[in-house]
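Working notes, beginning with the structure itself.
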Amino acid sequence: MGTQTVKRNETTRRIKGAATEVFAEAGFAGARVDEIARRARVNKAMIYYHIGDKKALYAEALHDVFRDMSEGMARNIQESQTAEEKLKRFIHNLAETMDQHSYLPAIILRELASGGQNIPAVVIQDFTNILNTLTKILEEGVDQGLFIQTTPFVVHMMVVGAVNFFKASGPIRSRHPAFPDTVKKLGTKVSGEIAAEIEKLILKAVRK
């Protein structure tokens with residue numbers, strides 16, 4: 001890989017990283033390309049040259065994350081034999097992604113509140129791919145005699161809702177004294193113990 005290609009990739013990475021921060025803080029409508037350029041340490045022309053306008057930047061930044069999550073899930077579950085183990089890996093991968101990209105819950109919740117007005121079609125396809133992966137796991141569990149019949153989308157909302165709200169509520173839980181110490185001590189990391197708790201509850205709901 002040549003020096004110019006490396007520099008171009010690094011510039012694109014910085015732009016996308018800055019963009020996701022600004023989109024999480026201000027939403028799509030409130031995000032300003034000037035601010036994204038400032039945080040990425042480039043001028044606006046570089047953003048338009050490397051990626052495109054604000055709409056294209058929003059699509060690229062989100063697609064990168066959700067495509068990687070979808071492809072990673074598909075790879076990882078192939079290493080498991082039972083549907084139960086695959087479901088655990090599905091939840092674990094989702095939790096890890098949210099920890100690695102802590103801005104995602106804010107963006108997702110903003111899109112849900114707005115009725116998905118700005119969500120790109122390519123990201124909807126990423127969501128569909130993730131849902132399809134979960135659907136196959138649940139159907140396989142039924143075939144193996146492990147799971148009851150469920151509505152995959154509802155199970156998906158149970159998992160995503162738990163992970164997203166846990167991450168998004170972190171600042172509130174840590175800031176307000178009304179929350180008991182047992183809640184404050186949970187922290188903001190969702191992978192690990194919290195993901196294991198979510199796995200336990202989801203498996204209890206779908207097991208035969």
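If R0 equals 35 Å, the separation of the Cβ atoms of H176 and A196 corresponds to a calculated FRET efficiency of about 0.85. Sorting 169-176, 191-198 by average packing, meaning the other beta carbons within 10 Å per residue, from highest down gives 191-198, 169-176. Going by a ≥ b ≥ c, the root eigenvalues of the Cα gyration tensor, does the range 129-204 fall in the rounded group (a/c under 1.5), the prolate group (a/b larger than b/c) or the oblate group? Cα axes put the range 129-204 in the prolate bin. Modelled spin labels at K44 and F153, positioned 7 Å past Cα toward Cβ, are 4.0 nm from each other.
Near the amide H of F147, within less than 5 Å, lie the amide hydrogens of V142, K208, all on another chain or at least 5 residues away, with H placed in the peptide plane. Take a quick pass over the range 1-144 and tell me how many lysine pairs come in under 15 angstrom between Cα atoms, counting only ones 8 or more apart or on separate chains. The number of close lysine pairs in the range 1-144 is 8.
In the chain, helices alone account for a calculated mean residue ellipticity at 222 nm of -25000 deg cm²/dmol, with every DSSP H run of four or more residues adding -39,500 (n - 2.57). Here the peptides 49-60, 89-100 are ranked by packing, the mean other Cβ count within 10 Å, and the order with the highest first is 89-100, 49-60.
The Rg/Rh ratio of the chain, with both radii computed over alpha carbons and Rh defined as the Kirkwood radius, is 1.02.
For a quick protection proxy, order the peptides 143-152, 116-125, 130-139 by their average other-Cβ count within 10 Å, most packed first.
130-139, 116-125, 143-152
Dipole size of the range 84-187 about its Cα centre, with +1 on Lys/Arg Cβ and -1 on Asp/Glu Cβ: approximately 520 debye, rounded to the nearest 20. Of the residues Y48, I194, G161, the one whose Cα sits farthest toward the positive end of the charge dipole of the chain, with +1 on the Cβ of Lys and Arg and -1 on the Cβ of Asp and Glu, is Y48. Can you tell me how the range 36-112 classifies by the Cα gyration tensor, rounded, prolate or oblate, using a/c under 1.5 as the rounded cut? It is prolate, given that a/c is not under 1.5 and a/b is the larger ratio.
Throughout, read-outs are computed from the coordinates displayed, never taken from laboratory work. What you see is a predicted model, and the numbers here were worked out from it, not measured in a lab. Every residue, glycine among them, receives a Cβ derived from its backbone with ideal geometry; neighbour counts consider all protein chains shown.
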